[in-house]
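Have a look at the structure below, then the notes.
Derivation of every value follows stated rules applied to the coordinates shown; laboratory data play no part. Small disclaimer: the values here were computed from a predicted structure and weren't measured. A quick note on method: Cβ atoms are made from the backbone with ideal geometry, for glycine too, and the neighbour counts reach across all protein chains shown.
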Amino acid sequence: MLRITQRSRSLAYKLRARVVVRQPPATRPFHQSIVTNMAEKSKSDSEWRAILSREQFRVLREKGTEAPGTGKYEHHNGEGVYTCAGCGTPLYKSTTKFNSGCGWPAFFDALPGAVTRHEDRSMFMTRTEITCTACGGHLGHVFKGEGFDTPTDERHCVNSISLNFDDN
Ligand SMILES: [Zn+2]
C-alpha cells in the first residue's frame, strides 16, 4: 500500500514537472523564450531522442529534409505562431507565411533573432541553412532573390516536422 502511494506521488510529480517544462516557451514573449531555451543547446543526442520522434530527430538533429509535399504545414492557414518542435521557441508569425509552391512551408521573415543562418556547402552547392537560435535544431534553408512578391524577397523553406503551430 505504501509502495503504491509513493509511486503515484512520484508519477504526479513527474506529470507536474512535464507541464511546467512545456508551458513557458509558448506563453513567454519570443525573445525571452530564446534566452530561456538556450539550455536546450546542451542536450545530448540521447536526450533529444527521448523527446523527439525518429523523423523529428533525423530532421532537427541530423539536418535531414522531409519529402516535398508531405509536411502538415505546407498548406496550413490560420493566425498564430509557428514554434520550434524541439524547444517550443516561437519562430515565425503566420502573417509571414506565403504559398511558394515549393513543397514545404515558406515564410518571408522570422521573428527577430529566432533563427540563425549558417553557410551549408553540402549536396555540391552553397546554401544558407537556418537553425533555431535557442536549441540549434535544423529548420531548413533560406533563399534570396527568387522574385517572390513579398516584403523581403526571401524564402525561409522550413520542414513542417521542425515546427509546431500555436494559434494563441
Ligand atoms: Zn528550438
Could you list all residues from region 94-132 that are under 17 Å from the mean Cα position of the chain (by Cα) and acidic (D, E)?
-> D109, E129
Could you tell me which numbered condition E129 fails, if it satisfies all but one of (1) closer than 18 Å to F165 by Cβ; (2) touching a strand residue (DSSP E or B) at 6+ places or on another chain (Cβ under 7 Å)?
-> (1)
Residue that is nearest to the chain's Cα centre (by Cα) [pool: residues in region 37-79 that are of a type in the set (A, V, I, L, M) and under 15 Å from G136 (Cβ atoms)] | L60
Has region 133-147 got at least one residue that is buried (at least 17 other Cβ atoms within 10 Å of the Cβ), more than 16 Å from the chain's Cα centre (by Cα) and more than 16 Å from the ligand (Cβ to nearest atom)?
-> yes
In region 44-71, the residues that are loosely packed, with under 11 Cβ neighbours inside 10 Å, charged (D, E, K, R) and either touching a residue at least 40 places away in the same chain (Cβ under 8 Å) or not in a helix (DSSP H, G or I) (or both) = E62
